[in-house]
Amino acid sequence: MKLLQLPREQIVPQRKGIFVFLSPGISLSSGKRSHQVSHSEQVEFEEMRLQSLEALAGMLCSFLVKNTKLACCCGSAGCSLCCGCCPKVRQSRTTRFMYLLYFILVVGLCCVMMSSSVTKQMKEHIPFFEDFCKGIKAGKTCENLVGYSAVYRVCFGMACFFFVFCLLTLKVNNSKGCRAYIHNGFWFFKLLLLGAMCSGAFFIPDQETFLNAWRYVGAVGSFIFICIQLLLIVEFAHKWNKNWNAGTASNKLWYASLSLATLVMYSIAVGGLILMAVFYTQSDDCTDNKILLGVHGGLCLLISLAAISPCVQSRQPHSGLLQSGLISCYVTYLTFSALTSKPEKIAQDEHGKNITICAPDFSQGLHRDENMVTWLGTFLLIVCIGYSCLTSTTRSSSDALQRRYGAPELEVARCCFCFGPDGEDTEEQQNVKKGPRVIYDEKKSTVYSYSYFHFVFLLASLYVMMTLTSWFHYESATIETFFTGSWSIFWVKMASCWMCVILYLWTLVAPLCCPSRQFSV
């Protein structure tokens with residue numbers, strides 16, 4: 001850091017051989033001589049003092065800009081990647097990833113709270129564990145800090161954190177405002193605020209009433225979060241088909257790409273239903289699984305026929321089998337996920353031995369190492385929720401939920417159509433080749449809705465809370481038994497599957513039911 005150098009006479013002005021410091025209105029002396037500062041000299045000295053303070057402030061700002069880690073944590077500067085070999089990053093992306101990091105930290109804490117094995121290990125290996133629990137008034141074995149009630153409290157604090165920022169960033173369209181600076185920086189203070197909110201939730205009075213009321217709030221919020229994800233999946237299917245269809249006008253190879261993608265997705269859907277029929281049904285039992293697979297296979301056939309029916313094609317010529325194939329794949333995935341979430345069905349064989357039926361035989365081998373399965377599944381759950389949050393908060397996703405689309409003639413076919421067009425950042429990256437590692441891509445306006453971003457993370461907090469506590473079967477829920485099956489999780493996934501089919505069918509038949517309105521898919 002280069003120190004600011006000022007001429008000596010500016011720092012210590014000299015009057016008649018007497019050193020006068022930047023402190024007006026006092027008598028200064030040097031040896032036996034004294035000089036009383038006059039009013040004009042006071043004004044002059046005050047101006048010099050202000051100039052020195054401004055120079056000091058500029059030096060401090062320069063130091064913060066050059067040391068981006070400090071400016072990122074305690075100021076409004078954007079965060080850069082810690083590794084010098086990493087590419088330059090956008091401010092908008094680093095901001096979203098920082099909030100995602102906070103989200104993952106709290107979810108990881110919730111997973112630890114739901115783990116009975118972690119509590120057991122702490123009790124066995126931490127000295128004076130019981131005395132510590134009594135000292136903080138958390139129960140004899142810290143039972144108030146573990147289990148579903150602790151997860152409810154921590155997630156309440158995280159939900160309040162995102163709710164506060166959702167209100168704080170309402171109608172923020174300019175990244176240069178004070179509220180935008182708060183959103184994009186001050187990460188250390190935000191971490192303290194998040195920790196304070198999560199800790200303060202344990203001091204809420206009348207815990208029983210709070211938990212009962214918060215449970216239903218969590219269920220409603222989780223339902224909204226699932227609806228947003230399903231809407232975006234349906235919109236993604238239509239966007240995919242429209243983008244690749246736009247390329248067929250100039251290059252016929254896009255027809256081959258559409259056909260190949262459609263064939264692959266239908267192969268996955270049909271193959272998945274056949275495999276589930278083989279492993280999750282038996283000739284003389286498993287009637288519920290047979291009915292379920294038959295109904296979902298019929299739904300896949302229904303949406304495929306509806307997509308290519310003449311009445312739908314007349315109003316929506318872009319509708320085709322690509323969208324229905326993608327929705328069929330998603331229905332197959334949800335069906336498989338629901339079947340694996342069902343509680344095990346036990347029956348006796350001819351030798352009187354209890355065996356698990358209506359489930360594949362190799363499932364017993366998969367669950368031998370319960371800890372590995374539990375923590376791997378939890379990691380995948382966190383990754384999926386985090387990815388859903390990030391993809392749900394982009395500008396294109398927000399526009400899709402509000403039914404705002406670009407002009408069809410401006411559509412440019414791309415293999416990776418879900419990202420921006422190539423060369424979008426060329427100008428920005430050219431301007432920062434030798435500059436800071438953060439690309440300030442929001443100089444003109446925000447590239448995503450700040451308040452909507454925090455609202456989605458608020459709903460994701462509620463969804464994580466309900467999922468980790470097995471929804472309404474929370475009394476005996478632990479992270480170790482999370483993947484052993486629960487009727488609550490089974491019916492949530494079934495409802496999600498049926499809702500996805502209904503949403504897709506509505507996008508097909510809505511123009512027929514409301515011919516006076518304009519629909520664009």
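Considered as a group, the residues in the stretch 376-394 that are under 21 Å from E344 (Cβ atoms) and modelled with pLDDT under 70 include one that is nearest to the chain's Cα centre (by Cα), and that residue is T378.
Hey, does the stretch 275-290 have a residue that's of a type in the set (V, I, T), touching a residue at least 12 places away in the same chain (Cβ under 8 Å), out of contact with any His (no Cβ under 6 Å at 6 or more places or on another chain) and farther than 27 Å from T394 by Cβ? Quick ask: steps written out before the conclusion?
The initial filter retains those residues of the stretch 275-290 that are of a type in the set (V, I, T), namely 278, 281, 287.
Next, from what is left, pick out any that are touching a residue at least 12 places away in the same chain (Cβ under 8 Å): 281.
This time we only want the ones that are out of contact with any His (no Cβ under 6 Å at 6 or more places or on another chain), so: 281.
Still in the list and also farther than 27 Å from T394 by Cβ: 281.
Yes: the stretch 275-290 contains one or more residues that are of a type in the set (V, I, T), touching a residue at least 12 places away in the same chain (Cβ under 8 Å), out of contact with any His (no Cβ under 6 Å at 6 or more places or on another chain) and farther than 27 Å from T394 by Cβ.
Among residues belonging to the stretch 205-256 that are open to solvent by less than 70 Å² (accessible area, probe 1.4 Å) and among the aromatic types (F, W, Y), point out the one that is nearest to V464 (Cα to Cα). Here the residue is F225.
Scanning the stretch 155-188 for residues being open to solvent by less than 50 Å² (accessible area, probe 1.4 Å), among the aliphatic types (A, V, I, L, M) and under 30 Å from L211 (Cβ atoms) gives a total of 2. When we screen A359, A307 for residues that are closer than 20 Å to V501 by Cα, crowded, with 16+ Cβ neighbours inside 10 Å and of a type in the set (G, A, S), the only hit is A307.
Does A196 fit the bill of being closer than 30 Å to S116 by Cα, open to solvent by less than 20 Å² (accessible area, probe 1.4 Å) and at pLDDT 85 or above? So that I can check it myself, show each step before the final result.
Values: closer than 30 Å to S116 by Cα: yes; open to solvent by less than 20 Å² (accessible area, probe 1.4 Å): no; at pLDDT 85 or above: yes.
The answer is no for A196.
Of all residues in the stretch 457-492, how many are in a loop (DSSP other than H, G, I, E, B), hydroxyl-bearing (S, T, Y), at pLDDT 75 or above and under 15 Å from A219 (Cα atoms)? Explain how you work it out, then say what you get.
First pass over the stretch 457-492, keeping only residues in a loop (DSSP other than H, G, I, E, B): 469-486.
Those still in the list that are hydroxyl-bearing (S, T, Y) too: 469-470, 474, 476, 478, 481, 484, 486.
Now narrow it down to the ones that are at pLDDT 75 or above: 469-470, 486.
Subsequent filtering for residues that are under 15 Å from A219 (Cα atoms) retains 469-470.
Final tally of qualifying residues: 2.
Checking each residue in the stretch 113-153 for being outside any helix (DSSP H, G or I) and within 25 Å of E208 (Cβ to Cβ) picks out M114, S115, I136, K137, A138, G139, K140, T141, C142, V146, G147. The single condition from (1) of a type outside the set (V, I, T); (2) over 18 Å from L105 (Cβ atoms); (3) assigned to a helix (DSSP H, G or I) that L170 fails is (3). Any residue in the stretch 213-228 that is more than 23 Å from L390 (Cα to Cα) and modelled with pLDDT under 85? Scanning the stretch 213-228, I find no residue that is more than 23 Å from L390 (Cα to Cα) and modelled with pLDDT under 85, so the answer is no.
Could you tell me which residue of the stretch 309-334 is nearest to N289 (Cα to Cα), considering only residues that are β-branched (V, I, T) and at pLDDT 90 or above? Explain how you work it out, then say what you get.
First pass over the stretch 309-334, keeping only residues β-branched (V, I, T): 312, 327, 331-332.
Filter again for at pLDDT 90 or above, leaving 327, 331-332.
Values: I327: 21, V331: 15, T332: 13 Å.
Within the stretch 309-334, the match that is nearest to N289 (Cα to Cα) is T332.
The residue that is modelled with the lowest pLDDT, counting only those in the stretch 282-304 that are within 24 Å of A347 (Cα to Cα) and surrounded by 20 or more Cβ atoms within 10 Å (Cβ to Cβ), is N289.
Given the structure, is S259 assigned to a helix (DSSP H, G or I), open to solvent by less than 70 Å² (accessible area, probe 1.4 Å) and among the hydroxyl-bearing types (S, T, Y)? When the stated conditions are applied, S259 does not pass them.
Considering the conditions (1) part of a loop (DSSP other than H, G, I, E, B); (2) on the phi < 0 side of the Ramachandran plot; (3) modelled with pLDDT under 80, T446 is excluded by exactly one of them, (3). Inspect all residues belonging to the stretch 335-348 and state whether any of them is surrounded by 17 or more Cβ atoms within 10 Å (Cβ to Cβ) and modelled with pLDDT under 75. So far as the stretch 335-348 goes, no, none of its residues is surrounded by 17 or more Cβ atoms within 10 Å (Cβ to Cβ) and modelled with pLDDT under 75.
The values are calculated or read from the model by the stated rules, or taken from the named source; none is laboratory data. Since the structure is predicted, the reported quantities are computational estimates derived from the model, not experimental observations. Cβ coordinates were reconstructed from backbone atoms using ideal geometry, including for glycine residues, and neighbour counts include every protein chain displayed. SASA here: full protein model, heavy atoms, side chains in, ligands and nucleic acids out. Shrake-Rupley method; radii C 1.70, N 1.55, O 1.52, S 1.80 Å.
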